[in-house]
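Structure first, commentary second.
The values are calculated or read from the model by the stated rules, or taken from the named source; none is laboratory data. Treat the numbers as computed from the prediction; the structure is a model and nothing was measured. All Cβ positions, even for glycine, are placed from backbone atoms using ideal geometry, and neighbour counts span all protein chains on display.
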Amino acid sequence: NAGVTQTPKFRILKIGQSMTLQCAQDMNHNYMYWYRQDPGMGLKLIYYSVGAGITDKGEVPNGYNVSRSTTEDFPLRLELAAPSQTSVYFCASSYPGTGTLTNYGYTFGSGTRLTVV
Amino acid sequence: TQLLEQSPQFLSIQEGENLTVYCNSSSVFSSLQWYRQEPGEGPVLLVTVVTGGEVKKLKRLTFQFGDARKDSSLHITAAQPGDTGLYLCAGFSGNTPLVFGKGTRLSVIA
């Protein structure tokens, strides 16, 4: 099993450019998440999805958009990149759809390190 | 927004020493998880604790969930260099996504 796959691993953007961070999971998980991690700040939730066609905002959604057209894929779109979006971005998935949601851990990808200059 | 406070923020110890890291909140969580993250990688789940007072062991790691389900601790016995990493606690409140603490960065020196 590949688990959660994120691409690209590294990217440098200029201010005002746009890009899409890709995330795919092969575990048939219902729930998918995007977090960003800044030094010393832990993980902050950007957006999440509880199933195909359903998305919701997290703690820090401004400047980002998401879509969930399939169970497997959950891309994160950055429009008009700003230096404040320099961070490491992690995609995660959880919950096969049976049992208690809060008993399941998250499976994370290996991250995308984004620098906006 | 529920907050999880982790302490200490940094910890540097010699191989063979014991250590405890803490995760505290003023909020009640339905379950709490611990993750370990190594440089350049995503966090990896270590354990989930669900019941107040619950204790789980994973080899040399012992995890405890507070009786009131507001806090947790991670104790490592005889630390080894392979234990080096960022330890994150995270909690579920209802069915909302996990809330993460800022982490404890552990360095075990051989």
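Filtered by the rule that a residue be at pLDDT 95 or above and either of a type outside the set (A, V, I, L, M, F, W, C) or not in a loop (DSSP other than H, G, I, E, B) (or both), segment A:95-117 gives A:Tyr106, A:Thr107, A:Phe108, A:Gly109, A:Ser110, A:Gly111, A:Thr112, A:Arg113, A:Leu114, A:Thr115, A:Val116. Tally the residues that are within 14 Å of chain A (Cβ to nearest Cβ) and over 16 Å from B:Ser30 (Cα atoms), restricting the search to segment B:64-90. The number of residues fulfilling the criteria is 4. Can you tell me which residue within segment A:73-93, out of those that are farther than 25 Å from A:Gly40 by Cα and either without any contact (Cβ under 8 Å) to a residue 60 or more places away in the chain or in contact with a strand residue (DSSP E or B) (Cβ under 8 Å, 6 or more places away or on another chain) (or both), is farthest from the other protein chains (Cβ to nearest Cβ)? Ranking the qualifying residues of segment A:73-93, first place goes to A:Glu79.
Looking at A:Met19, A:Met41, A:Met27, just one residue is within 14 Å of another protein chain (Cβ to nearest Cβ) and either β-branched (Val, Ile, Thr) or touching a residue at least 24 places away in the same chain (Cβ under 8 Å) (or both), and that residue is A:Met27. All of A:Ser69, A:Ser49, A:Ser18 fail the test of being of a type in the set (Gly, Ala, Ser) and surrounded by 13 or more Cβ atoms within 10 Å (Cβ to Cβ), apart from A:Ser49.
Restricting attention to segment B:74-103, the residues being modelled with pLDDT under 95, on the phi > 0 side of the Ramachandran plot and hydrophobic (A, V, I, L, M, F, W, C) number 0. Candidates B:Val55, B:Val108: the one that is among the β-branched types (Val, Ile, Thr), over 15 Å from the mean Cα position of the chain (by Cα) and away from chain A (no Cβ under 14 Å) is B:Val108.
What pairs come up if the first residue lies in segment A:98-113 and is at the interface with chain B (Cβ under 7 Å from one of its Cβ atoms), the second is surrounded by fewer than 20 Cβ atoms within 10 Å (Cβ to Cβ) and among the basic types (Lys, Arg), and their beta carbons are under 8 Å apart, counting only those six or more places apart or on different chains? Within 8 Å, the pairs are A:Ser110/A:Lys9; A:Gly111/A:Lys9. Of note, B:Ser93 does not satisfy the criterion of being more than 10 Å from chain A (Cβ to nearest Cβ) and over 26 Å from A:Ser110 (Cβ atoms). Using the structure shown, decide if A:Gly58 is under 30 Å from B:Phe10 (Cβ atoms), free of Cβ contacts under 8 Å to residues at least 12 places away in the same chain and surrounded by 17 or more Cβ atoms within 10 Å (Cβ to Cβ). Taking the combined requirement at face value, the residue does not satisfy it. Would you call A:Gly63 surrounded by fewer than 20 Cβ atoms within 10 Å (Cβ to Cβ) and within 15 Å of the chain's Cα centre (by Cα)? Criteria met by A:Gly63.
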